[in-house]
Amino acid sequence: MSGQTSDFVKFSNLTGEAINELDQAKNEIEDRSNKLRELAMQSNARFNEIFRVNTELKEKIEFLQNLASTLSLRNEELEKKNQELEKQKAENTRLAADLRRNLEKVVLKEKEIEIQRDQLERQVNEKTDELLKSQKLAIIGELASRMAHDLRNPLSTIKNVIELMENKQKIRIEEKLMYYGKLHRAIERISHQVDDVLEYGKATRLNLQTENIARMINQIISDGNFSPNIKFNVEKSEVKVNVDIRKMEAVFTNLFINAAQAINENGSITIRILDNGQNVMIAVEDSGPGIPEDALPKIFDPLFTTKQTGTGLGLSICKRIVEQHGGSITAKNNPTTFLIRLPKNF
């Protein structure tokens, strides 16, 4: 019994040790299992991380491939552009060479033109001198023609008066005084008309006197050698103005002569006088066909005329005299009317 007990004890001791070893092994196995699970989890996480990184790398590789393709296309485009630029550069070089050649031609042409211009300038100067000489001679002739035209009327008055005096054996003192008055006024008019032509363009001083406009106009008509086929209608008026009588007589005489020529010495000439406060308006109207519309704006220009004879100084002198008095003169058609505005200057 004691032997069996001893063996049992031994067996029990052995079994206890085995169980302890088994427990230890179990614990080690569990520890290793836990470590393996932990390692598996770490490995799985690492795998996921590697997979994610791999995916990102793949995307970056694709991006880089696309970028490389784009850059390749850009490089091809740049290469084409460079080729085009090279061609353009060659073309520009060719054009620059052409421009230089053309510029040389232009310089030569400019020199030729400058030489031709100098020659033309000399020719123009020569022709201008010749033309000025011709114009001076023409103006002298025109002035002489104008003087003859303007002097013909007072000379006709002198001739008629002398013939009347010669044909009358006995002349009363009153008639003599009347005839001498006409001769004196005609001679004065000749003298003043000559002075006007010689002094044309000069600012001569006015010799202002108070005068009845209607009386002045009637006197001019009475002294003038106008055709009996012309009917003068002068409105009655007592309006007076402060004017240079000699100069204003020349103005109205010129207007009346022009009107008489416009109606071919057969028709009517009407003179209207209007007192407009500080000014006097005198309208000289004729029954003629009128002034050509294209000539109307230029009739007061010096040397402009629509007549075959005459210098065109008449209306220009009239305008200068009226403006010298501080007035104005205008013309219109339908009917042909010259309107003079004169300040009273009292």
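What to note about this one:
Residue-wise test of (1) outside any loop (DSSP other than H, G, I, E, B); (2) under 23 Å from I269 (Cβ atoms); (3) modelled with pLDDT of 80 or more.
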| position | (1), (2), (3) |
| --- | --- |
| V284 | yes, yes, yes |
| T306 | no, yes, no |
| S316 | yes, yes, yes |
| V322 | yes, yes, yes |
| F338 | yes, yes, yes |
| F346 | no, no, no |
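- Residue check for V197: at pLDDT 90 or above and either open to solvent by 60 Å² or more (accessible area, probe 1.4 Å) or closer than 24 Å to H325 by Cβ (or both): no
- Within region 213-236, tally of residues that are open to solvent by less than 20 Å² (accessible area, probe 1.4 Å) and over 45 Å from the mean Cα position of the chain (by Cα): 7
- Boolean, R272 is surrounded by fewer than 22 Cβ atoms within 10 Å (Cβ to Cβ), basic (K, R) and at pLDDT below 90: no
- Those residues of region 158-188 which are touching a residue at least 12 places away in the same chain (Cβ under 8 Å) and small (G, A, S), in sequence order: A186
- Test result for E114, open to solvent by 100 Å² or more (accessible area, probe 1.4 Å), part of a helix (DSSP H, G or I) and free of Cβ contacts under 8 Å to residues at least 40 places away in the same chain: no
- Scope region 222-261; condition assigned to a helix (DSSP H, G or I), charged (D, E, K, R) and within 27 Å of E163 (Cβ to Cβ); matching residues: D223, R246, E249
The values are calculated or read from the model by the stated rules, or taken from the named source; none is laboratory data. These numbers come from a predicted model, not from an experiment. Cβ sites come from the backbone with ideal geometry, for glycine too, and all protein chains shown count toward neighbours. Just the protein is used for accessible areas: all its heavy atoms, side chains included, with ligands, DNA and RNA removed. Shrake-Rupley method; radii C 1.70, N 1.55, O 1.52, S 1.80 Å.
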